[in-house]
Amino acid sequence: MVQQSGVPARKPTASATRLSSADWEAAALDALAEHGLAGVAVEPLARHLGVTKGSFYWHFADRDALLAAALAHWETSYTERVIEAVEAVADPRERLARLIGQALVGGRSDRIHIALATASHPLARRALARVTHRRLGYLESCYVALGQPRREARRSALLAYAAYVGLLHLRFEAPDELPARDHAGYVEHLVGKLVP
């Protein structure tokens, strides 16, 4: 069984009728990463999950409610949990280096970020603004922990985040321009430039 989008639909199972809101959120994020904001639509998601739209309406009032929940899930998973993980690193330089290194790995979060950056939906714009604000604030605190004055730390945070966003776009716009064989070496080079 294949959907019009080319994604195979799951066959309904007894457990599929008992999907949680988290299942719908994960499916919405997958669709957002693969097809952009337009991919987050109730009927195709229900087909993909192998359930009826009734399952959706058990958990969410409408598409915007699903989108808001999925974006909150993205914020928690790809910002708060990452910050929480690097906070365990005692050395401020190593903490910042690990944070930058993790951010440059690429993957689903990058595709979601690009989809949100090109969307005009207010929920998408607000989520991206919140995430950017939180990430910049955390980066700034990392540079302060390295001993930079607040104003310099803010500038360093902006530079580091601009490098991250620029690399996100390069991955999608001109992936051949990035070093494919020596990704680790490039990350190390970038960390050397961004971490004093």
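The values are calculated or read from the model by the stated rules, or taken from the named source; none is laboratory data. Quick caveat, the model's predicted, so the values are computed rather than measured. With ideal geometry, Cβ positions are generated from the backbone for all residues, glycine too; neighbour counts draw on all protein chains shown.
Computed quantities for the displayed model
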quantity: Among (1) over 30 Å from residue 31 (Cα atoms); (2) surrounded by fewer than 14 Cβ atoms within 10 Å (Cβ to Cβ) - the single one residue 105 does not satisfy; calculated: (1)
quantity: Selection count, region 142-174, where residues are surrounded by fewer than 16 Cβ atoms within 10 Å (Cβ to Cβ), part of a helix (DSSP H, G or I) and over 20 Å from the mean Cα position of the chain (by Cα); calculated: 5
quantity: Residue ID - farthest from residue 40 (Cα to Cα), chosen from residues in region 112-141 that are surrounded by 14 or more Cβ atoms within 10 Å (Cβ to Cβ) and hydroxyl-bearing (Ser, Thr, Tyr); calculated: 141
quantity: Test: residue in region 131-145 that is within 16 Å of residue 94 (Cβ to Cβ) and polar (S, T, N, Q); calculated: yes
quantity: Selection within region 132-162 - in contact (Cβ under 8 Å) with a residue 60 or more places away in the chain and either on the phi > 0 side of the Ramachandran plot or not assigned by TED's automatic domain parsing to the domain that holds residue 90 (or both); calculated: none
quantity: Residues located in region 29-63, provided they are in contact (Cβ under 8 Å) with a residue 24 or more places away in the chain and closer than 26 Å to residue 172 by Cβ; calculated: 29, 30, 32, 33, 34, 35, 36, 37, 39, 40, 44, 48
